[in-house]
1. Is there a residue in region 75-90 that is modelled with pLDDT of 95 or more, in contact with a Phe, Trp or Tyr (Cβ under 9 Å, 6 or more places away or on another chain), part of a strand (DSSP E or B) and closer than 22 Å to residue 142 by Cα?
2. So, of the residues in region 111-135 that are of a type outside the set (A, V, I, L, M) and within 11 Å of the chain's Cα centre (by Cα), which turns out to be surrounded by the fewest Cβ atoms within 10 Å (Cβ to Cβ)?
3. Find the residue count for region 171-192, including only residues that are over 11 Å from residue 140 (Cα atoms) and of a type in the set (Asp, Glu).
4. Quick check, is residue 97 of a type in the set (Asp, Glu), over 14 Å from the mean Cα position of the chain (by Cα) and surrounded by 15 or more Cβ atoms within 10 Å (Cβ to Cβ)?
5. Taking the residues in region 46-63 that are open to solvent by 50 Å² or more (accessible area, probe 1.4 Å) and touching a strand residue (DSSP E or B) at 6+ places or on another chain (Cβ under 6 Å) as candidates, determine which candidate is farthest from residue 129 (Cα to Cα).
6. Look at region 100-110 and say how many of its residues are loosely packed, with under 13 Cβ neighbours inside 10 Å and either in contact with a His (Cβ under 6 Å, 6 or more places away or on another chain) or at negative phi (or both).
7. Inside region 136-165, can you point out the residues that are surrounded by fewer than 16 Cβ atoms within 10 Å (Cβ to Cβ) and more than 17 Å from the chain's Cα centre (by Cα)?
Amino acid sequence: IGSGPAAVADEGWVITSFHSDLSIATDSTLTVTEDIRVDFGSLSKHGIFRTIPLRYQYTEQLDRYYQLDVQSVTDGAKSVPYDDSVSSDNEVIKIGDPNVLVTGQQRYVISYTVLGAMNSFSDHDELFWNVDGALWPVPKKTVSATVHVPAGSLQMSACYQGPPGATEACTHVESGDTVEFSSTRQLGSGEE
């Protein structure tokens, strides 16, 4: 859900669900927890790479850079080894033990904070957030997000899915200071 680079080839595994829980603090810091469930089938893998763009075009003359700090990576219960680095204006989180191969269904829960993602206007602030990104080399069966905003600050919400720049609507439901977003179909490799 959002915008990003072109599609890449399918690698033979699938993301069965991708859920992101985002909280916007009053100081505009985002706290993000992504719950990514994958099925490697019979393929042997060490884990996954989660690539998150840190540079976005803000205006025709200016780019914006986010500051992203990984807090933890778990399988939902215990820590999972990871290494994070910046490559070509992307945060690359390499998840999994390089000495252990896994197959079948796996769960990866990534928690991180982001500074600099909010758009500020004279009468409101805006979050334009790419939940899952187009950099996955595999399809995603479902993508969803829950966004929590500071009390009384929600004015409106919108959701789009598909290839970068798509205007195909996805589902969103506002409830108080929370909005639930979800894809309406499987998203292919390179869609978001």
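The values are calculated or read from the model by the stated rules, or taken from the named source; none is laboratory data. In this text the structure is predicted, and so the values were computed from the model without any measurement. In this analysis, Cβ positions are derived from the backbone assuming ideal geometry, glycine residues included, and neighbour counts consider all displayed protein chains. Note: areas computed on protein heavy atoms with side chains; ligands, DNA, RNA excluded. Shrake-Rupley method; radii C 1.70, N 1.55, O 1.52, S 1.80 Å.
1. no
2. Initial filter on region 111-135 (of a type outside the set (A, V, I, L, M)): 111-113, 116, 119-126, 128-130, 132-133.
Among the residues that remain, those that are also within 11 Å of the chain's Cα centre (by Cα) are: 111-112, 129-130, 132-133.
Details: 111: 16, 112: 20, 129: 18, 130: 18, 132: 26, 133: 23.
In this case the residue turns out to be 111.
3. First, pick out the residues of region 171-192 that are over 11 Å from residue 140 (Cα atoms): 171-182, 184.
Applying the additional criterion that residues be of a type in the set (Asp, Glu) yields 174, 177, 180.
The total comes to 3.
4. Judged against the criteria, residue 97 is not a match.
5. Only one residue fits best here, namely 49.
6. 2
7. Within region 136-165, 150, 151, 152, 153, 155, 156, 157 qualify.
Listed here are the residues, each with its yes/no results for (1) free of Cβ contacts under 8 Å to residues at least 12 places away in the same chain; (2) closer than 26 Å to residue 63 by Cβ.
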| residue | (1), (2) |
| --- | --- |
| 84 | no, yes |
| 108 | no, no |
| 126 | yes, yes |
| 129 | no, yes |
| 132 | no, yes |
| 147 | no, yes |
| 150 | no, no |
| 159 | no, yes |
| 171 | no, no |
